[in-house]
Amino acid sequence: MNFYSTNNPEHRVSLKEAVIKGLAPDQGLYMPEKIPTLPQDFFDKLPDLSFQEIGYEVITALFGEDLSVEQIKELVDHTLTFDAPLVKIEEGVYTLELFHGPTLAFKDFGARFCSKLMSILMEGEDRQVRVLVATSGDTGSAVANGFYKVPGVEVIILYPKGKVSELQEKQFTTLGENISTLEVDGVFDDCQKMVKEAFLDKELNEKMLLTSANSINIARWIPQCLYYFYAYSRLPKTDKKLAISVPSGNFGNLGAGILAERMGLPIDTFIASTNVNRVVPNYLAGNPFTTESSLQTISNSMDVGNPSNFYRLLALFGNDEALFRQKVKGFYFDDQDTINGMKNVKQNSNYIMDPHGAVGYLGLRNFRNISPDEYVGIFLETAHPGKFRNVVEEVLELKLELPERLAKFLEGEKKTIALKNDYQEFKKYLCN
Ligand SMILES: *Cc1c(COP(=O)(O)O)cnc(C)c1O
């Protein structure tokens with residue numbers, strides 16, 4: 001399978017090049033040149049397959065020409081080491097809990113797949129890879145933990161000072177070893193901009209092998225389609241149409257859901273749920289696509305004003321904007337809406353949502369308000385509520401039990417380097 005750039009369909013590269021480069025030289029996003037459809041008998045037997053068995057089939061359909069059967073097994077087994085249970089919240093409303101991995105957010109799936117795939121693709125090379133990551137919180141922890149002590153790979157994480165939760169920060173700044181962190185005096189988009197600039201810097205790229213593990217990298221992005229198949233396989237049999245609501249920031253997660261749908265998974269409608277960083281819901285409502293600087297909210301991992309996967313979504317629909325707007329509905333919510341949603345669900349269903357999942361829940365609820373009986377809905381719970389303990393405890397007036405693996409991070413010592421919001425400073429750091 002080759003991959004093309006969303007900025008130039010003629011530009012094609014191999015799996016290895018797409019993964020190691022991360023971003024195409026023309027700044028486009030890599031996309032699979034063809035999207036395989038899975039046979040009907042795969043869908044028929046889905047309820048009887050384990051998560052791993054689903055993973056082997058889907059990854060084989062995508063990467064079967066590039067990787068051996070053993071490599072695919074190794075990759076899937078390394079990624080899917082934890083479950084993603086589907087939990088009923090209300091009549092016709094389920095949540096897919098994606099937070100049972102090592103850092104308690106859905107990004108563990110992509111990060112674990114990405115680190116394993118990079119090490120498979122770099123086998124036999126003596127060069128060292130440097131992974132640059134901009135994070136608004138959870139990417140940093142998932143990537144740091146996914147790559148921790150992986151031989152031959154060094155990870156450098158940029159994050160906005162004071163704009164990630166203490167627990168998120170501890171999850172990537174306390175590891176050390178091959179993981180370095182830079183605390184940038186700016187917002188997430190500034191971090192992302194510096195990383196993108198580094199990838200395009202010829203001089204820098206002659207000196208070192210740089211790669212990205214942001215959700216723009218296909219090795220992070222593609223494996224996220226697996227849990228959509230799994231969610232569908234665990235949904236009780238129904239004649240209703242399926243709607244899936246995805247709390248979104250950079251829109252990699254939603255894009256992976258659309259990829260699953262394009263591979264044949266019968267999802268009727270996607271709901272793009274955001275906080276007040278609402279450029280995609282604005283677009284879906286019929287306006288031209290514009291970007292904005294990001295606003296800070298209590299669902300901070302979705303504080304993105306320039307979502308990097310937007311053109312990937314469009315490409316998945318063959319750049320057909322009408323089809324895009326028909327398949328994907330957008331809703332946005334402010335912090336007060338989010339707080340009210342968390343309270344209502346705790347009160348009515350005794351379920352504790354984190355602020356991101358709450359935005360997903362609200363999007364689904366608003367969508368179903370239009371035609372509740374026609375649809376069964378799933379919203380993705382992207383993080384464990386304990387990751388956003390301060391907000392959750394204050395809103396719900398309760399004390400949260402932190403899972404042990406999360407509590408352990410808090411004991412670690414933060415090691416980070418302060419960085420000015422200035423590309424030249426960043427470059428100097430990389431060259432030292
Ligand atoms: C990263 C993240 C999101 C947004 O995911 P995208 O793929 O960037 O849209 C949502 N919720 C949580 C908890 C996250 O960490």
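Computed from the coordinates by the stated procedures, all read-outs in this text should not be read as laboratory data. Predicted, not measured: the structure shown is a model, and the values here were computed from it. Positions of Cβ are generated from backbone atoms using ideal geometry, with glycine treated the same way; all protein chains shown enter the neighbour counts.
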May I ask you to compute the full-extension gain from residue 207 to residue 33, defined as 0.36 nm times their residue separation minus their alpha-carbon distance, rounded to one decimal in nm?
59.6 nm
Euclidean distance of C-alpha centroids, segment 209-233 and segment 382-432, integer Å:
22 Å
Using a simple spin-label model with points 7 Å from Cα along the Cα→Cβ vector, what separation in nm is obtained for residue 287 and residue 177?
4.6 nm
What are the residues whose amide H is under 5 Å from the amide H of residue 89, where those residues sit 5 or more places off or on another chain and H is modelled from the backbone?
94, 95
For 86, 313, what's the fewest-to-most ordering of other Cβ within 10 Å of each Cβ?
86, 313
Counting DSSP beta bridges with both partners in the chain, what percentage is antiparallel, nearest 5?
25 percent
Whole angstrom only: what separates the Cα centroid of segment 26-70 from the Cα centroid of segment 87-121?
17 Å
Along the Cα→Cβ direction, 7 angstrom out, place labels at residue 127 and residue 404. What is the inter-label distance in nm?
4.3 nm
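Based only on other Cβ atoms within 10 Å, what is the fewest-to-most ordering of 199, 270? Don't skip to the end; give the middle numbers.
On the way: 199 19, 270 27.
So the ranking, lowest neighbour count to highest, is 199, 270.
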Would you mind checking which residues have amide H under 5 Å from residue 333's amide H? H placed 1.01 Å from N; only 5 or more apart, or other chain.
274, 275, 276
Rank-order 273-282, 135-144, 21-30 by packing density, defined as the average count of other C-beta atoms within 10 Å over each peptide's residues, highest first.
135-144, 273-282, 21-30
Each residue of segment 122-132 in turn: what ³J(HN,Hα) in whole Hz from Karplus with 6.51, -1.76, 1.60 and θ = phi - 60°, glycine and Pro shown as x?
8, 3, x, 9, 9, 6, 9, 9, 10, 9, 9
Given charges at Cβ of Lys, Arg, Asp, Glu: the chain dipole, positive-most of 56, 403, 40:
403
Please sort 67-77, 409-419, 238-248 by packing, taking for each peptide the average over its residues of neighbouring beta carbons within 10 angstrom, highest first.
238-248, 67-77, 409-419
Mind giving me the nanometre distance, one decimal, between the label points for residue 10 and residue 43, set 7 Å out from Cα along Cα→Cβ?
3.7 nm
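When the chain is fully extended, how far beyond the present Cα-Cα distance does residue 429 get from residue 394, taking 0.36 nm per residue of separation?
So the extension gain works out to 8.7 nm.
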Put in order of increasing Cβ neighbours within 10 Å, starting from the fewest, 397, 169, 183 give 397, 183, 169
